[in-house]
Structure formats: structure tokens, C-alpha cells
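Please read the structure below before turning to the comments.
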Amino acid sequence: MHYWLVFLSFFSFGFCEIQRAKISQTYAYEASAQDFSQQKQNDEIFIQILSTSLLEFMESNHPQAKIDTQSVRLNGTFTEFQTSNKNLRTYSNSSNNGYHFKFNFGDIVFELEKIDEKTYRLKHATELINTTQCKFILQKDLTSIVDGSKDFVINLDNQYYFSKVLATHRYIQCKK
């Protein structure tokens, strides 16, 4: 009896479609002028975090952080959900293996490199930026293994859906 269970386990494992899924979750923090300052040193631009709430957000500890965008890549497909005020704002789906690019020509985005707890360098920035309408973006990339022969549900409210955070990226996005 015990051998049959082992055999059935290997048999079912051999015929299921194990696939690697990648999910990206993006969080946004609408910043005010009191939340941060910027300075230029040796042709590099630095952001100094001034508010506790923005600092907690940048450290991924902000309790009010809501998922703004969630993207799922599975078996050559790309699906993206955008939410606003707990409602689904945008849904897009693509079934090609190419890259998915989005452009917003009214905004400028810089990736942030952490220097210390409150200081970040704007990568590839050479001049001070207009900081009147900025938001800070936190993007988490996660992966998991799923059984592709079964249906699975993506819970947009669940911030810890998949098992492993691969990378966390931080950006600042401001109006031009």
C-alpha cells in the first residue's frame, strides 16, 4: 500500500505542468514638498527623506500601502491589473513572449539607489528635477512555482501571494 502512494505521487508529479510564475507588485506614495528635499553634489542628484511616513514606505513598512499595479507573467503570457480606490481600474493581457513596455510622456521617472537610511541617489539624473507633483514607487518582484494544469486565483489584496521576493526597486516619478 505504501509503495502505491509513492508511485502515484511520482506519477502525478510527472504529468503535471509545473511552471514558474513571476508577479510584480507596485505600490505608490503621493509625496508632498515636506516629505523630501533634493540636492546636487558633484553632478549627482540626491534625495533626502524628511517625513517618517515616507521613510516607512521606502523601507516597505508602510501599513497603508495599497497595491497600485500587479503584473503576472506565466508561460509566455502577461497580465496586468491596476487598481484605484479598491476598484479595478485597468486590465490588460498579452500572449506574446516579448517585453511589455509602457510610456507616459508627461512624467519623468528615476530609479533610486539607497545610500543610507534617509538618502537616495537618482540614477542617471544630472539636473535637479521639478518636485511639485511627485510620487515614490516601490516595486516588488516575486516568484513561485505553480501547477499549470490547475486553475489558480490571484488575490489583488494579498501582498504576500507568492513565496519569494526576488528584488525590490524604488523609483521617483514626477511631472515634467
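One line per residue, one yes/no per condition, for (1) under 29 Å from Ser32 (Cα atoms); (2) in a loop (DSSP other than H, G, I, E, B); (3) modelled with pLDDT under 75:
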{"position": "Arg89", "(1), (2), (3)": "yes, no, yes"}
{"position": "Asn97", "(1), (2), (3)": "no, yes, yes"}
{"position": "Asn104", "(1), (2), (3)": "yes, yes, yes"}
{"position": "Leu138", "(1), (2), (3)": "yes, no, no"}
{"position": "Lys150", "(1), (2), (3)": "no, yes, yes"}
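Going by the structure shown, is Phe81 modelled with pLDDT under 75, loosely packed, with under 13 Cβ neighbours inside 10 Å and under 23 Å from Glu30 (Cα atoms)? So Phe81 fails the test. Restricting attention to the stretch 19-37, the residues that are at pLDDT 80 or above and exposed (fewer than 15 other Cβ atoms within 10 Å of the Cβ) add up to 5.
The values are calculated or read from the model by the stated rules, or taken from the named source; none is laboratory data. Owing to the predicted nature of the structure, the values given are computational and were not obtained by experimental measurement. Note: ideal-geometry Cβ built from the backbone for every residue, glycine included; neighbour counts use all protein chains shown.
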